Amino acid sequence: MTIALTHARVLTGAGWRDDLAVLLDGSRVEALLPLADPRLQDMPRQDLGGAMLLPGFIDVQVNGGGGALFNDAPTVETIRRIGAAHRRYGTTGFLPTLISDDLDVMRAALVAVEQALAEGVPGLLGIHLEGPYLALARKGVHDPKYFHVPGSEELALLCAPHRGIRLVTLAPEQLPLDSLRALVDAGVIVCAGHTAADYATTRAALDAGVRGFTHLFNAMTPLGSRAPGVVGAALDDPDSWCGIIVDGHHVHPASLRVAIAAKARGKMLLVTDAMPPVGADQPDFVLNGETIIVKDGICQTAQGVLAGSALDMATAVRNAAQMLGVPLDEAVRMASTYPADFLRLGATHGRIAAGCQADLVLMDDDYRVLRSWIAGTGQTES
C-alpha cells in the first residue's frame, strides 16, 4: 500500500522543499508529488509536523554500539545489536567494522555478515575490515601482533564472491601492488589508512585502484611543505573519497575546514569510528585486553591514545554544520549521499528520489532523530 509522507521539509537533490509529499510504496520511494496533486486525495498520509525529512545516514566505519564490539563477538546478533543502536541516531545503512584481528576472527566476521545479509538485518550493507595489513609506525590503537602481509590463500578469501559491500583498509606500502589490484579487480573497495606511506607510494596505490582514505589525518603521514604524504595525496587526488571524524577530538576543526575546501565537492564522508558506548549506558569497554575510558566524549587508553569514538551520525551532522560551518544540506549529504556514492550505491541509496530505497530520517531543528525508515519500514526513535 502506498503511503504519503506530508508536511515535512524534504531534502531533495535540488535542495529543500516544503511543498512535496514523499510517496512510499513498500521498500521504495515511489514518487515526490506536489501537495496539491489530486492523486493524494484518497491516499493514506502521515503528517510529519514540519520536521526535516532527510536521506538516511550511511556509516562506513562502525566498530560497535549498544554495548557490543564487533571484534568481541563477530555474529549476526552483534551486527543486529550494533545496527539497532545506531539507527536511533539516523543511521539506516552501515558497515560493521572489524579492527585488526587474527584470521579466524576475520573468517567468522565474513561469515556472520554473509548470514546477516541473507537474513535481512536492517541497514546492513556489508563489512569493513580495518586491517590487519597496516603499518607499525601508524598503528594507533590496533594491536601490531596481528599485522602481516596477506598470502595467496588469504587474498583468495578476501576476493571470494560475496554479498554486499566489502571494504578493506590497508597501508599501501605493506602490500605488493599486484595484491592491491587483485582486491580491486574482485570488487573489494580498498582504502588507505594506518599508513606511513609517502606521496609517491600513495599516488601509485591510487593509480592501482585505491578508492578512499580512512579517517583522514588520523594514523597517516601528514601534509608537509616538501613531503605531501598521504594527506597531501588524498587532498590532491580529484577522484578519491575521504572519511572524516568530526567529533572535535580526532582532528582540529580548522584542519577539517581546510580539507573540505581543498577536496572536490561530494568526496568527503562523515564517519563515526564508533565504539560500544554509542547507544549504551556503559561508558567504558575493553579492547585488546585494555580498558578504554570514555570521558567528555573521548574514547582513549590510559596512555591517551584515541580508541575509536563515542560519536553518532546525527551528532556528526550537527558538528559539521555548527563546528565547521558546513551548510546543513551539505552536512546531510556528507552523511548520506556521498557515502552511498563511495560505496557504489548511488543509484539506490543516499537520496530521496523516485526508485530509491526508502531509507529516511526525520529530524527536528535540534538534530534529534524522531523517526527512521529502513527499506520503507518506519520506527519511532526515542
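Read the figures in this text as sums done on the coordinates, not as results from a lab. Just so we're clear, the structure is a prediction, and the values are computed from it rather than from any experiment. Please note: Cβ atoms are built from the backbone with ideal geometry, for glycine as well, and neighbour counts cover all protein chains shown.
Quick rundown of the values:
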| read-out | value |
| --- | --- |
| Spin-label pair R45/A200, simplified geometry with 7 Å Cα→Cβ offset, distance in nm | 6.6 |
| Highest average packing first - 34-44, 300-310, Cβ atoms within 10 Å | 300-310, 34-44 |
| Nonlocal amide H pairs with W241, under 5 Å, H built at 1.01 Å | G212, F213 |
| Protection proxy ranking, peptides 133-146, 277-290, average beta carbon neighbours within 10 Å, highest first | 133-146, 277-290 |
| Mean Cβ count within 10 Å, highest first, over the residues of peptides 260-267, 232-239 | 232-239, 260-267 |
| Gain upon complete extension [D37, N288; 0.36 nm per residue less C-alpha separation] | 84.6 nm |
| Ratio of Rg to Rh over the chain (Cα coordinates, Kirkwood Rh, two decimals) | 0.97 |
| Integer Hz, Karplus 6.51/-1.76/1.60 couplings in order for the range 330-342, x for Gly and Pro | 6, 4, 5, 5, 5, 9, 9, 5, 6, x, 4, 4, 4 |
| Global form of the range 79-172, assessed from the alpha-carbon gyration tensor, a/c cut-off 1.5 | oblate |
| Fraction of beta bridges assigned by DSSP in the range 56-342 that are antiparallel (%, nearest 5) | 25 |
| R226-W16 pseudo-label distance in nm [points 7 Å out on the Cα-to-Cβ vector] | 5.0 |
| Square roots of five times the Cα gyration tensor eigenvalues for the range 1-92, Å | 34, 14, 10 |
| Under 5 Å, built H, 5+ apart or other chain: amide partners of A31 | L23 |
| For the range 56-342: relative contact order, % (alpha-carbon pairs under 8 angstrom, 6 or more apart) | 19 |
| Sequence-separation-based contact order of the range 56-120, relative, with Cα cut under 8 Å and 6+ spacing, percent | 42 |
| Whole-Hz couplings from phi, Karplus 6.51/-1.76/1.60, listed for the range 70-84; x for Gly and Pro | 4, 4, 5, 8, x, 10, 4, 5, 5, 4, 4, 5, 5, x, 5 |
| Whether the range 307-382 is rounded, prolate or oblate, judged on the alpha carbon gyration tensor where a/c under 1.5 counts as rounded | oblate |
| Inter-label distance for E153 and H252, nm, one decimal - labels placed 7 Å from Cα along Cα-to-Cβ | 4.9 |
| All aspartates and glutamates inside 13 Å of K267 as judged from Cα atoms, apart from same-chain residues fewer than 8 positions distant | D236, D237, D239, E330, D341 |
| Partners for K145 among lysines (Cα-Cα distance below 29 Å; same-chain residues under 8 apart left out) | K295 |
